[in-house]
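Chemist: One structure, pasted below without further comment.
The values are calculated or read from the model by the stated rules, or taken from the named source; none is laboratory data. The structure displayed is predicted, hence computed values, not measured ones. For neighbour counting, all protein chains shown are included, and Cβ atoms are generated from backbone atoms with ideal geometry for every residue, glycine included.
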């Protein structure tokens with residue numbers, strides 16, 4: 001299980017790097033370039049899915065009661081000391097945004113997408129760091 005988590009973390013890091021590169025584009029460029037917008041939406045979706053997958057793997061590994069929804073994965077990680085609770089609460093809405101990207105793609109709000117691109121990527125990087133710290137504690 002540990003190696004699976006590490007593999008997912010490496011994938012997430014790659015997606016975060018791609019999103020970092022896409023941050024240079026303006027809201028106007030995103031609005032007018034459907035290929036660019038599609039790239040942002042897809043990398044955002046798979047990065048969020050990676051985070052949720054990592055959360056589910058840790059919950060399973062720790063034999064923590066499985067949450068009822070994606071949204072509760074981050075909260076569960078916070079309540080069980082995997083993530084700081086304030087951070088877990090802060091990123092909880094990103095699970096809902098993942099659902100919008102997957103199921104309501106025709107209705108993805110451009111401003112929300114751009115905001116997530118400009119501001120949510122920092123949280124993805126923090127998530128990577130917190131999970132790395134957690135894994136180091138487990139091995140220590």
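Chemist: Return a yes/no flag: does region 27-47 have any residue that is at pLDDT 95 or above, in a helix (DSSP H, G or I), closer than 24 Å to residue 136 by Cβ and under 15 Å from the mean Cα position of the chain (by Cα).
Modeler: Yes, there is a match, as at least one residue in region 27-47 is at pLDDT 95 or above, in a helix (DSSP H, G or I), closer than 24 Å to residue 136 by Cβ and under 15 Å from the mean Cα position of the chain (by Cα).
Chemist: Determine which single condition residue 53 fails, assuming it passes every other condition in (1) surrounded by 16 or more Cβ atoms within 10 Å (Cβ to Cβ); (2) touching a residue at least 60 places away in the same chain (Cβ under 8 Å); (3) touching a helix residue (DSSP H, G or I) at 6+ places or on another chain (Cβ under 6 Å); (4) farther than 15 Å from residue 123 by Cα.
Modeler: (2)
Chemist: Of the numbered conditions (1) exposed (fewer than 15 other Cβ atoms within 10 Å of the Cβ); (2) assigned to a loop (DSSP other than H, G, I, E, B), residue 82 fails exactly one; give the number of that condition.
Modeler: With respect to (1) exposed (fewer than 15 other Cβ atoms within 10 Å of the Cβ); (2) assigned to a loop (DSSP other than H, G, I, E, B), residue 82 is out only on (1).
Chemist: Would you mind stating whether residue 107 is modelled with pLDDT under 90, over 18 Å from residue 131 (Cβ atoms) and surrounded by 15 or more Cβ atoms within 10 Å (Cβ to Cβ)?
Modeler: Against the criterion (modelled with pLDDT under 90, over 18 Å from residue 131 (Cβ atoms) and surrounded by 15 or more Cβ atoms within 10 Å (Cβ to Cβ)), residue 107 does not qualify.
Chemist: In the set 64, 91, which member is under 19 Å from residue 132 (Cβ atoms) and touching a helix residue (DSSP H, G or I) at 6+ places or on another chain (Cβ under 8 Å)?
Modeler: So the residue among 64, 91 that is under 19 Å from residue 132 (Cβ atoms) and touching a helix residue (DSSP H, G or I) at 6+ places or on another chain (Cβ under 8 Å) is 91.
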